[in-house]
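Here is the structure we will look at, set down as structure tokens.
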Amino acid sequence: MPAAASSAAATTPAVPQQPPPVDPQTIQERLLTREGGGVVARGSLLKCSHRYREYLQLVLAASASPSGATAEQKTEIRTAKESLQRELRLHALEMRKITLVADAAHNELAQYEEATRQIDADVSATRAEIDRLQTELTYEKKVRQNREEYESLAKMANVRPARRQTEEKLRQVQEEMSRIAEE
């Protein structure tokens, strides 16, 4: 009996199990937000072509039959058609996702280029400021050196008596010398 049961199971066509219903908006969001790819890309063009080929073979086989399509063939055709339509919708969503990712990448690239230009401008401005500050530093060092030299000369000058006092002493000494010479 087990052999008969297995042969009966082999002759009855397997009814494809449908996945539980999912809201189309949920599917669309999942497809659009999925990063990277799994083993098999959903909505791939290759899967679409396979589904179309399956659908076309079923339709051609049913039309080639002189008695017309049987109820089972019509069900298979309908299932293949729905499968093809689903793959085409998934492919359209995948293309939309790819377009959105490409647009986002393009926008990021533009932002990076703008950031690079801004950084280059900032670096250039900073270099110009560094050059200006180095020139200013050189000038300020020279001014400081001149001030220190001036202060050193002023200290030396302050150690000595004032010019008037020196001239007055010189005049007095010369007068004394002339008096001594006259005597």
Open item on the list: Among the listed residues Arg117, Arg89, Arg127, Arg78, identify the single one that is under 40 Å from the mean Cα position of the chain (by Cα) and closer than 30 Å to Glu54 by Cα.
Closed with: Arg89
TODO: Considering only the range 132-160, state which residues are of a type in the set (Lys, Arg) and either part of a helix (DSSP H, G or I) or touching an Asp or Glu at 6+ places or on another chain (Cβ under 6 Å) (or both).
DONE: Arg132, Lys141, Lys142, Arg144, Arg147, Lys155
- [ ] Output the number of the condition that Ala69 fails; it satisfies all remaining conditions of (1) part of a helix (DSSP H, G or I); (2) under 30 Å from Leu58 (Cβ atoms).
- [x] (1)
TODO: Could you list, in sequence order, all residues of the range 58-77 that are under 30 Å from Glu94 (Cα atoms) and surrounded by 13 or more Cβ atoms within 10 Å (Cβ to Cβ)?
DONE: Leu58, Val59, Lys74, Thr75, Glu76, Ile77
Open item on the list: Here is a list: Leu88, Leu100, Leu137, Leu84. Which entry is in contact with a Phe, Trp or Tyr (Cβ under 8 Å, 6 or more places away or on another chain), open to solvent by less than 100 Å² (accessible area, probe 1.4 Å) and not hydroxyl-bearing (Ser, Thr, Tyr)?
Closed with: Leu84
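The values are calculated or read from the model by the stated rules, or taken from the named source; none is laboratory data. All values derive from a computational prediction rather than experimental measurement. With ideal geometry, Cβ positions are generated from the backbone for all residues, glycine too; neighbour counts draw on all protein chains shown. Side chains included, ligands, DNA and RNA excluded: accessible areas come from the protein's heavy atoms. Shrake-Rupley method; radii C 1.70, N 1.55, O 1.52, S 1.80 Å.
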